[in-house]
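Worksheet: one structure, shown below.
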Amino acid sequence: MPEGAVGPVAGDQRPRPLVWTIPNALSAARLLGVPLFLWLVLGPEEDLWALAVLVVSGITDYLDGWLARRLDQQSLVGQVLDPVADRLYILAVVVGLALRDVIPWWLAVSLPLRDLLMWGLVPLLRTRGYSALPVHFLGKAATFNLLYAFPLLLLGDGDGTFATLADVFGWAFAFWGVGLYWWAGVLYAWQVRKLLATTEPRPRGERQRGPAPDG
């Protein structure tokens, strides 16, 4: 994804071209949970099992990063798999909930549109020798809010006090998440604009594959 570093970074914890690692296996397992979640939500409508898949995804999301640092297994593959898994889960959840009429389609469409904006910035970055923007705090905060919002909205698709509370808190997280998601997107676009204005284009053969400088 354009907002995650996918190239080499400075320091002792440089990502390496590793593939068969425990963190990468966890990220791959998270990806396998995406179609399982959609089937549970849209097929038998087993919402509790679908929520369990999301919980497991959240746990493995934390574990793969922690283990990568703990075991010194940071890799280029992991830096791609992790944000891709996050985006696919968000996409799967919004599509599943929209098809179940739990959330409106404007909400379901707004998030992929923002990701398309990010993908559209990649060719511009590559003209200046970069393949990614550094991860911004707002992007992380937006993902955090959205990953809390959608399970709560799924729990709120029912009757009773608990469902009502879940729905209220879910929408609170959702509005904050969507707002921060797009705000982060605007900031990324502004960063690219500044980079294009202050950096000379590089010949194709001299282009590196690291993240763009912050700020």
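The values are calculated or read from the model by the stated rules, or taken from the named source; none is laboratory data. Bear in mind that the values here come from a model prediction, so they are computed numbers and not experimental data. Neighbour counts run over all protein chains shown; Cβ positions are idealised from the backbone, glycine included.
Do we find a residue being out of contact with any strand residue (DSSP E or B) (no Cβ under 7 Å at 6 or more places or on another chain), assigned to a helix (DSSP H, G or I) and among the acidic types (Asp, Glu) anywhere in the stretch 39-54? Looking through the stretch 39-54, at least one residue is out of contact with any strand residue (DSSP E or B) (no Cβ under 7 Å at 6 or more places or on another chain), assigned to a helix (DSSP H, G or I) and among the acidic types (Asp, Glu).
Here's the yes/no breakdown for (1) farther than 24 Å from Gly158 by Cα; (2) surrounded by 14 or more Cβ atoms within 10 Å (Cβ to Cβ):
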site	(1), (2)
Glu45	no, no
Thr60	yes, yes
Trp66	yes, no
Asp72	yes, no
Val84	yes, yes
Ala108	no, yes
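Suppose we keep only residues that are modelled with pLDDT under 75 and part of a loop (DSSP other than H, G, I, E, B) within the stretch 194-209. Which one would you say is surrounded by the most Cβ atoms within 10 Å (Cβ to Cβ)?
Taking the candidates together, the pick is Arg207.
Just a yes or no: is a residue in the stretch 147-166 of a type in the set (S, T, N, Q), surrounded by fewer than 18 Cβ atoms within 10 Å (Cβ to Cβ) and outside any helix (DSSP H, G or I)? Among the residues of the stretch 147-166, not one is of a type in the set (S, T, N, Q), surrounded by fewer than 18 Cβ atoms within 10 Å (Cβ to Cβ) and outside any helix (DSSP H, G or I), which makes the answer no. Pairing residues of the stretch 128-143 that are within 13 Å of Trp176 (Cβ to Cβ) with residues that are surrounded by fewer than 18 Cβ atoms within 10 Å (Cβ to Cβ) and at pLDDT 80 or above, at Cβ distances under 7 Å and at least 6 apart in sequence or on separate chains, gives Leu138/Trp183; Leu138/Leu187. Answer yes if at least one residue in the stretch 172-185 is part of a helix (DSSP H, G or I), farther than 18 Å from Trp106 by Cα and in contact (Cβ under 8 Å) with a residue 40 or more places away in the chain, and no otherwise. The answer is yes; a qualifying residue exists. One residue stands out among those in the stretch 52-94 that are small (Gly, Ala, Ser) and at pLDDT below 85: the one that is nearest to Phe175 (Cα to Cα), which is Gly58.
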